[in-house]
Amino acid sequence: MIKKVLICFSLIVFLSSFCTAITKSSSNSKENKKVEKTAYYRDLQKARSYYCEGDFAEAEKTLDKIFEVSIDNEKATELRNKILLLKEKESYYKKTLVNDLVVELRRTIKEGNCYEGFLFIKKIEELSPEEPISSFRQRLENEKDLLLYSIEDVSDKHLFLDSIDYFVNEKFEKSSECIYKLYQKYPKFVNYVGMNRYYVLQETNKKRVKDFFNKAVKSFKATRLGEAKDYAELAYNLDPNNLKLRVLLEQINMDIL
C-alpha cells in the first residue's frame, strides 16, 4: 500500500514539473517573439531613416539583418526594391552630370580658365575617379604656370596660388578678395573678378539649398510628402546639378505615386 502511494506521489510530482516546464517554455517563446518583433521594428525604422537620408549602403546593411531572421519580409523587401531602383537612377544621373562637367571642363581649357577648370576636375573626380581627365589637368597646370610666371611680386604669386586654392575648395568669398587685389595690379585678372562674383552668389545659395534639403528630408521621414516635395523643389531650383537632390526628388515622387 505504501509503495503504491509513493509511486502515485512521484507521478504527481513528475507531471507537475512537466507542466511547469511546458508553461515556462511557452512563456519564454512568447517573450522571445516579442523581443524579435521589437528588434525587427527597430531595424526597419532605422533602415527607413537611412533610406530617407539617401544613405542606401547603411539602409541595405540594416535590411540584411532583417532578412537573416525573415527572408521574405514584405516591408523590408519593398524598401530594398526601392533602393535598387534608385541606385540605378543615381548611377544614370551621375554619368549625366559627369558628362556635363567634362563639357564645361573643355570650355575652360579653351578659355585658359584654370580657376573653373580645377574646380570642375575636383567635382568630376569626386563623382567618377576613373574618368580620363589627366591630360586636361596638365594643360590647366601649364596655364597656371604661365599666369604665375607673369606675376612679378613674390607675395602676389602666393596670393594667386591662394586664390586658386580657395576657389577649388569653394571658399568663393575668400578667393574673390584675392582676385580683386590681383586685378588692381594686373588688369588681366578682370575676367576672373566677374566670374568669382557669380560664384559668391552661388555660395550664398548653397546655404539655402542645404537648409531646404534638410527640411525636405525631415518632412520625408515624417511622411509629409507634399511638404517634402516643396522643399526639395525649392532646393533643386537653386542647385539643379545637385545629385543628392535629384535622388531625393525621385524618392519622394516614388512614394507619392
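Every read-out reported here was derived from the displayed coordinates using simple, explicitly stated rules and does not represent laboratory data. Small disclaimer: the values here were computed from a predicted structure and weren't measured. Methodologically, a virtual Cβ is constructed for each residue, glycine included, from the backbone with ideal geometry; neighbour enumeration extends over all protein chains shown.
Descriptive notes on the structure:
- Simple spin-label estimate for THR204 and VAL69 in nanometres, 7 Å along Cα-Cβ: 5.3
- Whether region 46-133 is rounded, prolate or oblate, judged on the alpha carbon gyration tensor where a/c under 1.5 counts as rounded: prolate
- Distance violations [Cα-Cα > 31 Å] among LYS185/LYS210; LYS95/LYS229; LYS75/LYS123: LYS185/LYS210; LYS75/LYS123
- Rough spin-label spacing in nm, given labels placed 7 Å along Cα→Cβ, for VAL190 and SER134: 4.0
- Amide N of region 203-244 lying under 18 Å from the label point, which is placed 7 angstrom from the Cα of THR96 along Cα→Cβ: 232-244
- For region 85-256, the fraction of C-alpha pairs farther apart than 20 angstrom is 60 percent.
- Once divided by 2.2 N^0.38 Å, the Cα radius of gyration of region 135-237 becomes 1.50.
- Distance between the modelled labels on LEU257 and ARG197, one decimal in nanometres: 4.4 nm (7 Å Cα→Cβ projection).
- Per-residue extension of 0.36 nm, minus the Cα-Cα distance of LYS87 and GLU126, leaves a gain of 12.3 nm for this segment.
- Seen from a random direction on average, the alpha-carbon convex hull of region 100-181 projects onto 5.4 square nanometres.
- Charge tally for ILE124 (other residues, Cβ to Cβ under 11 Å; Lys, Arg +1; Asp, Glu -1): -2.
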